[in-house]
Amino acid sequence: MQPFTTLTGTAAPLLRANVDTDLIIPKQYLKTLVRTGLGQHLFAEIRYDDSGAEKPDFVLNRPPYRAANILLGGPNFGCGSSREHAPWALLDFGIRCVIAPSYADIFYNNCFSNGILPLVLPLETVEAIAAAGNPVTVDLPAQTVTAGGVTHRFDIEPGRKTTLVEGLDEIGKSLANLAAIEAFEAKRGRETPWL
Amino acid sequence: MSPRTLYDKIWEAHLVATREDGTSLLYIDRHLVHEVTSPQAFEGLRLAQRPLRKPAAILSVADHNVPTSNREAGIADETSRLQVEALEENVKAFAVPYIPLLDDRQGIVHVIGPEQGFTLPGSTVVCGDSHTSTHGAFGALAFGIGTSEVEHVMATETLPQRRSKNMRVHFEGKLPEGLGAKDLALRLIGQIGTAGGTGHVIEFTGSAVKALSMEARMTLCNMSIEAGARSGLVAPDETTFAYLKGRPMAPTGTQWEQALAYWRALPSDVDAHFDKEVVIQVDGLAPQVTWGTSPEAVLDVTGRVPDPEQTGSPADKEAMLRALEYMGLVAGTPLEEVPVDVVFIGSCTNGRIEDLRAAAAVAKGRKVAVGVRALVVPGSGLVKRQAEAEGLDRIFLDAGFEWRQPGCSMCLGMNDDRLEPGQRSASTSNRNFEGRQGRGGRTHLVSPQMAAAAAVTGHFTDVRRLLGA
Ligand code: SF4
């Protein structure tokens, strides 16, 4: 996984509440066998009209947001299904960081699995960042976001932070506990043999 | 030891290690796999040259993409076919147990797990699908995961997890005639909102929950995710044990006795602490219908489409205006006057035998209204067979419903079962998001009884009137 340290760029505002995973990537694009190439379908239902042409008023169809690498969202961002296609589509479009007041749990986890930082800040702060304009700088080691000369601090769990900053392989990390896993399985075999 | 909740007990019994960063490594007993969220996980194993640790812990099936008619002829849609073929190749390569497409046991992953006795109390169950919460009906800690986590479980049989908070939802009283667990779920989501359970595991308690059948408990737990909670739980009891006994993958003989003793110790201790509590009286509850594009936008069927002018903040007003526009609804319209084009009865929420019985009881001797298309899609081949043995298929067919083959179908329309733009559905599924059942489709979530009532009257109808309740 690509490490995440600092990121400077364009933040696109999509401040509605309850942006669900069906909206982020509709089901017709879930038939893929790979993780890449989904960026063109990101937000397809609201980004394109029935003929497949871009809707000019949708934020990611407007300059400078076509090249956005940060997305500003509303509360309960990413609610709905477990589809990791949602962060894959964001990443493939070029988004490395989402800034929103709150997230649905599964989407939040899926972001970390893909080197995307889902950053939590109060709605007023997200709105202030949107109003301040670009560029926006996210500094994960320092836990700050700077926009329009104003710096906002954010909180993040230390474990999550390390995973992103170091770009760690989670599976490798868990396999380092192999002895503990095997010991657990032996105990489980004795205590709950029906499992 | 201080009093513990059911969730605390399952959590502690599955703790493998606490890692340096403070997260816990949780052991995963059961893993359900389907065709949509697994290809990249199998691919990841191959690329990293990692073995799949425990194939026997997995049960796999294709459900999201599969056609629900004339399946014997194969899958016409090429990308769907390729995805199902990829699953078939992967399960063969990694020696994973698989239920083939034409097998009687094939069906929606959350219907077949319980049906086969794969889901057991006190176990941990995961699946690359958010409605894994369904399995919590058995007192199993069951939650949806992303594809990277699917790969993680395949490689390690564990997941790094952070402990959730405990939330108790207490349904008190007796569910009125004509209502079901779907109404309880929708009522709860209407009250606490789609983020109300975020960060929590919900345990459902109370006399109304105690009285529910296993299938109804599954409906309730299924929609925990729509309330923001990754898992819902019901404490195992005699109803649970009676359901499990004799299922193909349930324990037998002395192991059954051993398991029973273990399961009986699982319910939350009397004084266990919950971080959040909600109490809902169910006695006067009316059938629920959603009107918007989020499951929390729900009302009694006797209500009217809400008025954006009378709502709170400007943001709420804007969201409501957008929802009403998308749904093609006018503020103030009585819900019972809203006509439907399509009725969908099925999904992992309401595609089990009791759901079909409840819908058939309303459809019996009636006809689907002119201009309405109504589909019944059993949750599994075994549900379908059971329904046919009881003659439910005849009731539906005589009334003018389509009787189809099992799968996810119009719950999300990855196969050919989809709403056309502008079409309005009464659906027993779980999500009414924009475009969920087809681009431009307008979904109203209801119970199976209410869906059948809409089918035979052509508009939303208080099913209690049809039942003479
Ligand atoms: S029936 Fe619907 S909600 Fe359930 S697993 Fe299938 S697509 Fe998901």
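Count charges around residue B:407 for me, please; just the other residues with Cβ under 9 Å from its Cβ, Lys/Arg as +1, Asp/Glu as -1.
On the way: positive: B:71, B:404; negative: B:63, B:417.
Spelling it out: positives minus negatives among the neighbours equals 0.
How much of the DSSP bridge set in chain A is antiparallel, in percent, rounded to the nearest 5? Intermediate results must be reported in sequence, preceding the final value.
On the way: 13 of 26 bridges.
Around 50 percent antiparallel, to the nearest 5.
Am I reading the B/A interface right? What is its buried accessible area, both sides, 1.4 Å probe, to the nearest 100 Å²? List each step's numbers first, then the result.
On the way: alone 18170 and 10100 Å², together 23090 Å².
What B and A bury together is about 5200 Å².
Just need log10 I(q)/I(0) for region A:148-188 at q = 0.14 Å⁻¹, Debye formula, equal scatterers on the alpha-carbon atoms, no solvent, rounded to two decimals.
-0.54
Shape call for region A:55-135 from the C-alpha gyration tensor, a ≥ b ≥ c root eigenvalues: rounded (a/c under 1.5), prolate (a/b greater than b/c) or oblate? Spell out each step's value before the answer.
Working: a/c = 1.79, a/b = 1.24, b/c = 1.44.
Oblate, since a/c reaches 1.5 and b/c is not below a/b.
If I stretch the segment between residue B:257 and residue B:174 completely, what's the gain in nm (0.36 nm per residue apart, minus their alpha carbon distance), one decimal?
On the way: separation 83, 0.36 × 83 = 29.88 nm, distance 3.25 nm.
Here the answer is 26.6 nm.
Could you check the simple spin-label distance between residue B:15 and residue B:163, using points 7 Å along Cα→Cβ, in nm with one decimal?
The answer from the label model is 0.6 nm.
Taking a threshold of 23 Å on the Cα-Cα distance, which of the pairs B:9/B:165; A:27/B:54; A:31/A:173; B:54/B:92; B:182/B:384 fall above it? Before the final figure, lay out the partial values.
Working: B:9/B:165 13 Å; A:27/B:54 30 Å; A:31/A:173 30 Å; B:54/B:92 14 Å; B:182/B:384 21 Å.
Pairs exceeding 23 Å: A:27/B:54; A:31/A:173.
Return one number: the angle in degrees, 0 to 90 and rounded to the nearest 10, between the long axis of the Cα atoms of helix B:147-156 and the longest principal axis of the Cα atoms of chain B.
30
Check cross-link reach from residue B:367 to the aspartates and glutamates: straight Cα distance under 15 Å, and skip same-chain residues fewer than eight apart.
B:341, B:393, B:398, B:402
Express in nm, to one decimal, how much length is gained between residue B:79 and residue B:56 on full extension, taking 0.36 nm for each residue of separation and deducting their alpha carbon distance.
Numbers: separation 23, 0.36 × 23 = 8.28 nm, distance 2.85 nm.
In short, 5.4 nm is gained.
Cβ neighbours within 10 Å, averaged per peptide: list B:452-462, B:366-376 in order, most packed at the top. Intermediate values should be presented prior to the final figure.
Working: B:452-462: 24.6, B:366-376: 18.5.
The densest-packed peptide leads the list: B:452-462, B:366-376.
Per DSSP H run of at least 4 residues, take -39500 (n - 2.57); add these up for chain B, divide by its residues and hand me the 222 nm value, nearest 500 deg cm²/dmol. Working shown, then result.
Details: 17 runs with 156 residues, N = 469.
The helix-only estimate for chain B comes to -9500 deg cm²/dmol at 222 nm.
Angle between the Cα long axis of helix B:78-93 and the longest principal axis of chain B, 0 to 90 degrees, nearest 10?
Long axis of B:78-93 versus the principal axis of chain B: about 20 degrees.
Please report, in debye to the nearest 20, how large the charge dipole of region A:1-132 is about its Cα centre when each Lys and Arg carries +1 at its beta carbon and each Asp and Glu carries -1 there. Working shown, then result.
Details: 10 positive and 12 negative charges, 64 e Å.
In total the dipole reaches around 300 debye.
Among A:141, A:69, A:37, which residue has its Cα furthest toward the positive end of the charge dipole of region A:6-191, with +1 on Lys/Arg Cβ and -1 on Asp/Glu Cβ?
Of the listed residues, the answer is A:37.
Using only the Cα atoms of region B:66-107, build the gyration tensor, take square roots of its eigenvalues as a ≥ b ≥ c, and label the shape rounded, prolate or oblate: rounded if a/c is under 1.5, else prolate if a/b is larger than b/c, else oblate.
Numbers: a/c = 3.02, a/b = 1.34, b/c = 2.25.
Because a/c hits 1.5 or more and a/b fails to exceed b/c, region B:66-107 counts as oblate.
How large is the Kirkwood hydrodynamic radius of region A:6-191, counting all unique pairs of alpha carbons, in Å?
Values: mean 1/r = 0.0567 Å⁻¹.
Over region A:6-191, the inverse of the mean reciprocal pair distance is 17.6 Å.
Where the convex hull is taken over the Cα atoms of region B:326-469, what is its projected area averaged over directions, in nm²?
7.9
Packing-wise, with mean Cβ within 10 Å as the measure, how do B:56-63, B:442-449 rank, highest first?
Working: B:56-63: 22.4, B:442-449: 28.9.
Output ranking for B:56-63, B:442-449: B:442-449, B:56-63.
What span do the alpha-carbon atoms of chain B cover on each of the three principal axes, reported in whole Å from largest to smallest?
57, 55, 46
If you take the square roots of the eigenvalues of the alpha-carbon gyration tensor of region B:102-214 and sort them as a ≥ b ≥ c, do you get rounded (a/c under 1.5), prolate (a/b over b/c) or oblate? Spell out each step's value before the answer.
Numbers: a/c = 2.09, a/b = 1.37, b/c = 1.52.
Judged from the Cα gyration tensor, region B:102-214 comes out oblate (a/c at least 1.5, b/c at or above a/b).
Diagonalise the Cα gyration tensor of the protein assembly as shown and give the resulting equivalent ellipsoid semi-axes, square root of 5 times each eigenvalue, largest first, whole Å.
35, 32, 24
On average, how many beta carbons from a partner chain sit within 10 Å of the beta carbon of a residue in B:193-204? Could the numbers behind the result be given before it?
Details: counts 4, 8, 11, 1, 1, 8, 3, 1, 0, 0, 0, 0.
The shielding value for this peptide is 3.
Could you sort the peptides B:118-128, B:24-34, A:54-64 by per-residue average Cβ neighbour count (10 Å cutoff), highest mean leading? Could the numbers behind the result be given before it?
Values: B:118-128: 26.2, B:24-34: 23.5, A:54-64: 13.0.
Per-residue Cβ counts within 10 Å, averaged per peptide and sorted highest first, yield B:118-128, B:24-34, A:54-64.
Within a 10 angstrom radius of each residue's Cβ in B:14-27, how many Cβ atoms of other chains show up on average? Whole number is fine.
Numbers: counts 2, 2, 9, 8, 2, 5, 4, 9, 3, 7, 0, 7, 0, 7.
The shielding value for this peptide is 5.
Remind me, what semi-axes does region A:93-143 give for its equivalent ellipsoid, largest first in whole Å, using sqrt of 5 times each Cα gyration tensor eigenvalue?
In descending order, the three semi-axes are 19, 14, 10 Å.
What residues does region A:4-47 have that are buried by at least 50 Å² of accessible area in the full protein assembly compared to the chain on its own, 1.4 angstrom probe?
Going by heavy-atom accessible area, the residues of region A:4-47 that drop by at least 50 Å² are A:16, A:22, A:27, A:31, A:33, A:35, A:45.
Shielding of A:115-126 by partners, i.e. mean partner chain Cβ atoms within 10 Å per residue?
Numbers: counts 0, 0, 0, 0, 0, 0, 0, 0, 1, 0, 0, 0.
The mean count of partner-chain Cβ atoms within 10 Å per residue comes to 0.
The values are calculated or read from the model by the stated rules, or taken from the named source; none is laboratory data. Please read these numbers as outputs of a predicted model, since none were measured by experiment. We place every Cβ from the backbone using ideal geometry, glycine too, and count neighbours over all the protein chains shown. All accessible areas refer to the heavy atoms of the entire protein, side chains included, with ligands and DNA or RNA removed. Shrake-Rupley method; radii C 1.70, N 1.55, O 1.52, S 1.80 Å.
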